[in-house]
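Each remark here refers to the structure printed beneath this line.
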There are 2 protein chains.
Amino acid sequence: MGVSYSYQMKVPFDMSDVRGRIKLPQLILLSLQVSGMQSLDLGVSDRRLLEEYGLVWIVTDYAIEIQRLPVFDEEIIIETEARSHNRLFCYRSFTIRTKEGQVLVEMLATFVLMNQASRKVEAVLPDIVAPYQSQASKKIYRGPKYPAEIKGDTATFAVRFYDLDLNGHVNNSKYLDWVFEALGTDFLLQHTPTQIDLKYVKEVRGEGNILSLVERDACLSKHQIRSEDGLHAQAIVKWRKEEENEV
Amino acid sequence: MGVSYSYQMKVPFDMSDVRGRIKLPQLILLSLQVSGMQSLDLGVSDRRLLEEYGLVWIVTDYAIEIQRLPVFDEEIIIETEARSHNRLFCYRSFTIRTKEGQVLVEMLATFVLMNQASRKVEAVLPDIVAPYQSQASKKIYRGPKYPAEIKGDTATFAVRFYDLDLNGHVNNSKYLDWVFEALGTDFLLQHTPTQIDLKYVKEVRGEGNILSLVERDACLSKHQIRSEDGLHAQAIVKWRKEEENEV
């Protein structure tokens, strides 16, 4: 078991969607900030990682289970812990709870260390993971089998100037925007996600158009994020239809 | 002079653009949060305003002067103060400073009170503005003269599900996204805004396409945000071309 780190906050207005629930892309962004706070706290900040080792943390996979999405002004606690690592991958859990301890959302994120100059993945350095007391384990997380091809609709999004972050690529959290927005407002108003698997394949750099492909039935949607450079990300989302009185 | 309220913070990664400068739409959002904190602090929170009076604060105009944009990880202080009000309008200043007191950005925002049910502007209630110690004054802020017509390029943006906030309309800060993104990445990489005037005309509700019209020369751009419902916002932005070594 790794060292646990918690952050308590109220869901702010600008993180809430039209129904008052937290926007999932924002929840992912927030979780990354909380793990960044833990790194700072443990003396292995993102800044030190970059300056001393030339490395940055990159998320490759998310597995997310949603019991209920936190709502506007709700007090929540985000707890995170570096659970285990092998030669290349580090696994970190995020648990979002109510003040009373009820689990709302659980996320497992897979991280790798990327060399900022070469853009290549490097082996996990013991010095970097030691402060988290993450467990060395040969166990490798295997996500779901993503379909090779998507037969359905395609939505097109231009990469925006403000989508790019300081690393010069599109921030991780934006992919989920493209995944969700491809389903359209009507669907998003009538459904709520219960499980999300997301795999990042290749970063999106600079300008151009993004194609968000979606194939769906009543309670399952499969997604690819593509550009003229090929496949950037894949996702599978399970949905629950809203009851009338929930909307 | 009104009661002043300050908030100190570091510019986080997700608020920084590809050059490491704070994203202006995010700075506007953040400033609104800081004025929201002051309201809470003074016992006239947005929630109380809605529950007791059925009213919400709406921004109608921004006048923004930029000396330098705060950068990633920089410690900044946001100071806000309700300066004066007349029968319909409340004027609030925001000053963003470095820790050493250097002024980076100054904003003057015009607020009105809107009845949430009727969507109509209501007269300023003395009980609501009293805690801010805002000065009653007949002086009315007049923004610049915006052109009736824009002769230039048009960029089209779909209104996204996540653009909508809890009030069911597109959040104020998104308009500046549409204004800026219409200029394209190349222009935004080579120029920095020094002055922004922004006028909100009519809220954007629900789905559909937004047309972002722009007419520009080297150091000035004029904008309209339109939809099939007509004009939603107007803006005039002054720009400075970046020096080579700034980019």
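A few notes on this one:
- A Förster radius of 56 Å, combined with the Cβ-Cβ distance separating B:GLN133 from A:VAL56, puts the computed FRET efficiency at roughly 0.75.
- Once the Kirkwood radius over Cα pairs is known for chain B, the Stokes-Einstein relation at 37 °C and 0.692 mPa s delivers a diffusion coefficient of 174 µm²/s.
- Pairs of Cα atoms nearer than 8 Å and 6+ residues apart set the relative contact order; for chain B it is 19 percent.
- Bridgeable aspartates and glutamates around B:LYS99 (alpha carbons under 14 Å apart, same-chain partners fewer than 8 residues away excluded): B:ASP73, B:GLU74, B:GLU75, B:GLU79.
- Taken as entire DSSP H runs, the helices of chain A that both span 20 Å or more between Cα atoms along their own long axis and average 0.0 or more on the Kyte-Doolittle scale are A:24-41.
- Label distances, nm, B:PRO131 versus same residue in remaining copies, Cβ-directed 7 Å point: 4.0
- FRET efficiency, 1/(1 + (r/R0)^6) with R0 35 Å, evaluated for A:GLN190 and A:THR98 via beta carbons: 0.90
- In this assembly, the B-A interface accounts for approximately 3300 Å² of buried accessible surface in total, computed with a 1.4 Å probe and without ligands, DNA or RNA.
- Relative contact order, whole percent, for region B:69-169 stands at 22, derived from Cα pairs under 8 Å and 6 or more residues apart.
- For region B:20-151, taking the reciprocal of the average inverse distance between every pair of different Cα atoms yields a Kirkwood hydrodynamic radius of 16.1 Å.
- Within the same chain, aspartates and glutamates fewer than 8 places from B:LYS241 are excluded, and of the rest, those with a Cα less than 19 Å from its Cα are B:ASP17, B:GLU65, B:GLU181, B:ASP186, B:ASP197, B:GLU215, B:ASP217.
- For peptides A:104-110, A:205-211, sequence by mean Cβ density within 10 Å, most packed first: A:104-110, A:205-211
- Shape parameters for region B:116-229, alpha-carbon atoms, Rg then Dmax in Å: 17.2, 49
- Across region B:1-51, Cα-Cα distances exceeding 13 Å account for 65% of all pairs.
- The protein assembly as shown - Kirkwood radius from inverse mean 1/r over Cα pairs (Å): 24.2 Å
- Proximal lysines relative to B:LYS199, as straight alpha-carbon distance under 23 Å, when same-chain residues fewer than 8 apart are discounted: B:LYS23, B:LYS120, B:LYS138, B:LYS139, B:LYS145, B:LYS151, B:LYS174, B:LYS222, B:LYS238
- Alpha carbon centroid spacing (whole Å) that separates region A:1-31 from region A:146-173: 21 Å
- Stokes-Einstein D (µm²/s) once Rh is taken as the Kirkwood radius of region A:121-180 over alpha-carbon pairs, at 37 °C in 0.692 mPa s: 204 µm²/s
- 3J(HN,Hα) along region A:96-105, derived from phi through the Karplus expression 6.51 cos²θ - 1.76 cosθ + 1.60 where θ = phi - 60°, amounts to 9, 10, 6, 4, 7, x, 5, 6, 9, 9 Hz, with x in place of Gly and Pro.
The values are calculated or read from the model by the stated rules, or taken from the named source; none is laboratory data. Predicted, not measured: the structure shown is a model, and the values here were computed from it. Cβ atoms come from the backbone with ideal geometry, glycine included; neighbour counts cover every protein chain shown. Only protein heavy atoms, including side chains, enter the accessible area calculation; ligands, DNA and RNA are left aside. Shrake-Rupley method; radii C 1.70, N 1.55, O 1.52, S 1.80 Å.
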